[in-house]
Amino acid sequence: MPMKFKIDDKIFEQYPSLNIGIVVARGIDNTGESPDVLSMLGEQSNSIKSQYDLETLKEVPKINAWREAYSAFGAKPKKYTCSVENLYRMILEGVQLRHINKVVDIYNYISLKHIVPVGGDDIDKVDGDIVLRFATGEESFIRLNSDAIDHPHKDEVVYVDEKEVLCRRWNWRECDKSKMTEQTRNITLVVEGLSPVTKDDVQSIVEELGQLVEKFCGGEISTYILNTRNKEVEI
(Lines give C-alpha, C1' and ligand atoms only; values in the text may rest on other atoms or scores of the structure.)
Protein backbone atom coordinates (compact mmCIF):
# COMPACT_ATOMS: atom_id res chain seq x y z
CA MET A 1 0.00 0.00 0.00
CA PRO A 2 1.16 3.57 -0.65
CA MET A 3 2.31 5.44 2.43
CA LYS A 4 2.43 9.15 3.15
CA PHE A 5 4.80 11.39 5.01
CA LYS A 6 2.91 14.24 6.69
CA ILE A 7 3.58 17.25 8.88
CA ASP A 8 0.75 18.43 11.12
CA ASP A 9 -0.44 22.04 10.66
CA LYS A 10 0.25 22.85 14.32
CA ILE A 11 3.96 22.15 13.83
CA PHE A 12 4.14 24.94 11.26
CA GLU A 13 2.21 27.30 13.54
CA GLN A 14 5.07 27.05 16.02
CA TYR A 15 7.93 26.49 13.54
CA PRO A 16 7.02 28.39 10.35
CA SER A 17 10.59 28.31 8.99
CA LEU A 18 10.70 24.49 8.99
CA ASN A 19 11.75 22.69 5.83
CA ILE A 20 11.94 18.90 5.91
CA GLY A 21 13.88 17.22 3.12
CA ILE A 22 13.04 13.60 2.39
CA VAL A 23 15.12 11.00 0.56
CA VAL A 24 13.34 7.77 -0.33
CA ALA A 25 15.60 4.94 -1.50
CA ARG A 26 14.20 1.61 -2.62
CA GLY A 27 16.12 -1.56 -3.39
CA ILE A 28 19.37 -0.56 -1.70
CA ASP A 29 22.24 -2.85 -0.70
CA ASN A 30 23.20 -1.83 2.83
CA THR A 31 25.58 -4.73 3.54
CA GLY A 32 29.24 -4.37 4.40
CA GLU A 33 31.09 -1.13 4.97
CA SER A 34 32.57 1.52 2.70
CA PRO A 35 36.15 2.64 3.39
CA ASP A 36 35.40 5.79 1.39
CA VAL A 37 32.44 6.74 3.58
CA LEU A 38 34.37 5.99 6.77
CA SER A 39 37.24 8.13 5.47
CA MET A 40 34.81 10.99 4.79
CA LEU A 41 33.44 10.65 8.31
CA GLY A 42 36.96 10.72 9.75
CA GLU A 43 37.95 13.80 7.76
CA GLN A 44 34.79 15.61 8.80
CA SER A 45 35.40 14.72 12.44
CA ASN A 46 38.94 16.11 12.25
CA SER A 47 37.64 19.30 10.66
CA ILE A 48 35.11 19.72 13.48
CA LYS A 49 37.81 19.27 16.14
CA SER A 50 39.87 21.99 14.49
CA GLN A 51 37.00 24.50 14.20
CA TYR A 52 34.74 24.05 17.24
CA ASP A 53 34.91 23.55 20.99
CA LEU A 54 32.46 22.36 23.63
CA GLU A 55 32.22 25.74 25.35
CA THR A 56 30.99 27.70 22.34
CA LEU A 57 29.18 24.98 20.37
CA LYS A 58 25.76 26.12 21.61
CA GLU A 59 26.39 29.54 20.06
CA VAL A 60 26.68 28.13 16.51
CA PRO A 61 23.51 29.48 14.80
CA LYS A 62 22.42 26.13 13.34
CA ILE A 63 22.84 24.47 16.76
CA ASN A 64 21.19 27.32 18.66
CA ALA A 65 18.12 27.12 16.41
CA TRP A 66 17.49 23.58 17.62
CA ARG A 67 18.12 24.52 21.25
CA GLU A 68 15.41 27.16 20.92
CA ALA A 69 13.08 24.68 19.20
CA TYR A 70 13.56 22.15 22.00
CA SER A 71 12.94 24.81 24.63
CA ALA A 72 9.71 25.78 22.85
CA PHE A 73 8.20 22.33 23.42
CA GLY A 74 9.53 21.99 26.95
CA ALA A 75 12.74 19.98 26.49
CA LYS A 76 15.68 21.51 28.36
CA PRO A 77 18.58 21.87 25.88
CA LYS A 78 21.16 21.20 28.59
CA LYS A 79 19.60 17.78 29.20
CA TYR A 80 18.29 16.92 25.74
CA THR A 81 20.42 17.77 22.71
CA CYS A 82 19.33 17.44 19.11
CA SER A 83 20.94 14.67 17.09
CA VAL A 84 23.52 16.83 15.33
CA GLU A 85 24.63 18.60 18.53
CA ASN A 86 24.97 15.18 20.14
CA LEU A 87 27.23 14.02 17.29
CA TYR A 88 29.35 17.16 17.53
CA ARG A 89 29.70 16.79 21.31
CA MET A 90 30.77 13.17 20.96
CA ILE A 91 33.49 14.17 18.51
CA LEU A 92 34.67 17.11 20.63
CA GLU A 93 34.81 14.80 23.65
CA GLY A 94 37.15 12.49 21.73
CA VAL A 95 34.71 9.75 20.77
CA GLN A 96 35.41 8.18 17.39
CA LEU A 97 32.20 7.56 15.47
CA ARG A 98 31.99 3.84 14.81
CA HIS A 99 30.72 2.11 11.70
CA ILE A 100 27.03 1.22 12.05
CA ASN A 101 25.93 0.47 8.51
CA LYS A 102 26.46 2.22 5.20
CA VAL A 103 23.28 4.30 5.21
CA VAL A 104 23.73 5.46 8.80
CA ASP A 105 27.41 6.25 8.15
CA ILE A 106 26.37 8.31 5.11
CA TYR A 107 23.70 10.30 6.87
CA ASN A 108 25.95 10.92 9.87
CA TYR A 109 28.51 12.36 7.47
CA ILE A 110 25.90 14.63 5.87
CA SER A 111 24.65 15.72 9.30
CA LEU A 112 28.16 16.65 10.41
CA LYS A 113 29.05 18.39 7.16
CA HIS A 114 25.99 20.62 7.06
CA ILE A 115 25.22 20.91 10.82
CA VAL A 116 21.65 19.67 10.38
CA PRO A 117 19.81 16.76 12.01
CA VAL A 118 19.44 13.74 9.71
CA GLY A 119 17.71 10.46 10.52
CA GLY A 120 15.48 7.87 8.99
CA ASP A 121 13.55 4.64 9.02
CA ASP A 122 13.37 1.25 7.36
CA ILE A 123 9.97 1.80 5.76
CA ASP A 124 9.27 -1.93 5.50
CA LYS A 125 9.02 -1.86 9.32
CA VAL A 126 6.77 1.20 9.51
CA ASP A 127 3.03 0.74 10.08
CA GLY A 128 1.06 3.11 7.87
CA ASP A 129 1.91 6.77 7.35
CA ILE A 130 4.72 8.73 9.02
CA VAL A 131 3.55 11.93 10.72
CA LEU A 132 5.46 14.72 12.46
CA ARG A 133 3.22 16.18 15.17
CA PHE A 134 2.89 17.10 18.82
CA ALA A 135 2.48 14.14 21.17
CA THR A 136 -0.62 13.52 23.23
CA GLY A 137 1.51 11.78 25.85
CA GLU A 138 -0.37 8.51 25.44
CA GLU A 139 1.72 7.09 22.59
CA SER A 140 4.12 4.18 23.08
CA PHE A 141 7.83 4.39 22.36
CA ILE A 142 10.55 1.73 22.44
CA ARG A 143 13.94 3.35 22.08
CA LEU A 144 16.78 2.05 19.94
CA ASN A 145 18.30 -1.21 21.22
CA SER A 146 15.74 -1.57 24.00
CA ASP A 147 12.49 -3.42 24.64
CA ALA A 148 11.17 -1.17 27.42
CA ILE A 149 8.02 0.79 26.61
CA ASP A 150 8.19 4.52 27.31
CA HIS A 151 5.85 7.43 26.59
CA PRO A 152 6.58 10.91 25.25
CA HIS A 153 5.60 13.98 27.21
CA LYS A 154 2.47 15.82 26.11
CA ASP A 155 3.21 18.41 23.38
CA GLU A 156 6.65 16.95 22.69
CA VAL A 157 7.44 16.93 18.95
CA VAL A 158 7.47 13.34 17.68
CA TYR A 159 7.48 11.28 14.52
CA VAL A 160 4.81 8.59 14.68
CA ASP A 161 3.31 5.86 12.54
CA GLU A 162 -0.11 4.33 13.12
CA LYS A 163 1.09 2.27 16.10
CA GLU A 164 3.87 4.07 17.95
CA VAL A 165 6.46 6.81 18.18
CA LEU A 166 9.32 6.50 15.69
CA CYS A 167 11.45 9.30 17.15
CA ARG A 168 11.13 11.26 20.41
CA ARG A 169 11.85 14.93 21.04
CA TRP A 170 11.91 15.56 17.29
CA ASN A 171 15.30 13.99 16.56
CA TRP A 172 16.66 13.14 20.02
CA ARG A 173 16.09 9.34 20.13
CA GLU A 174 14.97 6.95 17.40
CA CYS A 175 12.87 3.86 18.00
CA ASP A 176 14.04 0.27 17.76
CA LYS A 177 11.32 -1.00 15.43
CA SER A 178 12.28 0.85 12.26
CA LYS A 179 16.05 1.04 12.72
CA MET A 180 18.13 0.44 9.61
CA THR A 181 20.28 -2.68 9.45
CA GLU A 182 22.40 -4.42 6.82
CA GLN A 183 19.24 -6.27 5.73
CA THR A 184 17.34 -3.02 5.10
CA ARG A 185 16.22 -2.57 1.50
CA ASN A 186 13.85 0.41 1.52
CA ILE A 187 14.33 3.60 3.50
CA THR A 188 13.16 7.12 4.07
CA LEU A 189 15.70 9.66 5.35
CA VAL A 190 14.86 13.12 6.67
CA VAL A 191 16.94 16.30 6.66
CA GLU A 192 15.56 18.85 9.11
CA GLY A 193 16.08 22.54 8.51
CA LEU A 194 15.15 25.44 10.78
CA SER A 195 16.20 29.03 10.08
CA PRO A 196 18.99 29.98 9.33
CA VAL A 197 18.85 26.84 7.15
CA THR A 198 16.74 27.66 4.10
CA LYS A 199 14.62 25.63 1.70
CA ASP A 200 17.38 25.91 -0.91
CA ASP A 201 19.90 24.63 1.63
CA VAL A 202 17.69 21.62 2.43
CA GLN A 203 17.13 20.94 -1.27
CA SER A 204 20.87 20.92 -1.90
CA ILE A 205 21.52 18.66 1.11
CA VAL A 206 18.89 16.07 0.15
CA GLU A 207 20.27 15.94 -3.38
CA GLU A 208 23.78 15.31 -2.02
CA LEU A 209 22.45 12.72 0.43
CA GLY A 210 20.50 10.92 -2.29
CA GLN A 211 23.53 10.85 -4.58
CA LEU A 212 25.72 9.35 -1.85
CA VAL A 213 23.16 6.66 -1.02
CA GLU A 214 22.86 5.79 -4.70
CA LYS A 215 26.64 5.73 -5.13
CA PHE A 216 27.39 3.47 -2.17
CA CYS A 217 24.15 1.51 -1.77
CA GLY A 218 22.46 1.62 -5.17
CA GLY A 219 18.69 1.67 -5.34
CA GLU A 220 16.07 3.98 -6.81
CA ILE A 221 16.19 7.46 -5.27
CA SER A 222 13.45 10.08 -4.91
CA THR A 223 13.65 13.40 -3.04
CA TYR A 224 10.99 15.75 -1.67
CA ILE A 225 10.65 18.93 0.38
CA LEU A 226 7.89 19.50 2.93
CA ASN A 227 7.11 22.96 4.32
CA THR A 228 4.20 25.32 4.90
CA ARG A 229 3.24 25.11 1.22
CA ASN A 230 3.56 21.34 0.88
CA LYS A 231 2.71 19.48 4.07
CA GLU A 232 2.48 15.87 2.86
CA VAL A 233 3.77 13.59 0.15
CA GLU A 234 3.08 10.05 -0.95
CA ILE A 235 6.26 8.03 -0.74
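The values are calculated or read from the model by the stated rules, or taken from the named source; none is laboratory data. Small disclaimer: the values here were computed from a predicted structure and weren't measured. Counting neighbours? That spans all protein chains shown, and the Cβs are built from the backbone with ideal geometry, glycine included. The area values use the complete protein model at the heavy-atom level, side chains included, leaving out ligands, DNA and RNA. Shrake-Rupley method; radii C 1.70, N 1.55, O 1.52, S 1.80 Å.
Rounded to the nearest 10 square angstrom, residue 82 shows an accessible area of 10 square angstrom against a 1.4 Å probe.
For a modelled paramagnetic label at residue 100, 7 Å from Cα along Cα-to-Cβ, the residues of the stretch 181-219 in reach, with backbone nitrogen under 12 Å, are 181-182, 190. How much of the accessible area of the stretch 103-208, probe 1.4 Å, is carbon plus sulfur, in whole percent? Roughly 44 percent, rounded to a whole number.
Assuming 0.36 nm per residue, please report the length gained on full extension of the stretch residue 232 to residue 181 beyond their Cα-Cα distance.
Once the chain is fully extended between residue 232 and residue 181, it gains 15.7 nm.
Placing +1 on the Cβ of every Lys and Arg and -1 on the Cβ of every Asp and Glu, with no other charges, gives the chain a dipole of roughly 520 debye about its Cα centre. Checking every one of the GluC sites (Glu not before Pro) in the stretch 71-172 against DSSP loop status and a limit of 11 other Cβ atoms within 10 Å picks out 93, 138, 162.
First check a/c for the stretch 84-235, with a ≥ b ≥ c the square roots of the eigenvalues of its C-alpha gyration tensor; if it is under 1.5, answer rounded, and if not, answer prolate when a/b is larger than b/c or oblate otherwise. Verdict is rounded for the stretch 84-235.
Taking a sphere under 10 Å around the Cβ of residue 31 and counting the other residues whose Cβ falls inside, with K and R at +1 and D and E at -1, yields a net charge of -2.
Coupling constants for the stretch 229-235 follow from the phi torsions by the Karplus curve (6.51 cos²θ - 1.76 cosθ + 1.60, θ = phi - 60°), and in residue order they are 8, 9, 9, 8, 8, 8, 10 Hz; glycine and proline get x. Secondary-structure-derived ellipticity at 222 nm for the chain, considering helices only, amounts to -10500 deg cm²/dmol, per-run term -39500 (n - 2.57) for DSSP H runs with n ≥ 4. Here the contact order of the chain, divided by its residue count and restricted to Cα pairs under 8 Å and six or more residues apart, works out to 38 percent.
Go through 163/215; 4/76; 199/231; 10/199 and tell me which ones have a Cα-Cα distance over 23 Å in this structure. Exceeds cut-off: 163/215; 4/76.
With every protein chain kept in place and ligands, DNA and RNA left out, what is the accessible area per residue of the chain? Probe 1.4 Å, answer in Å².
I get 48 Å² per residue for the chain.
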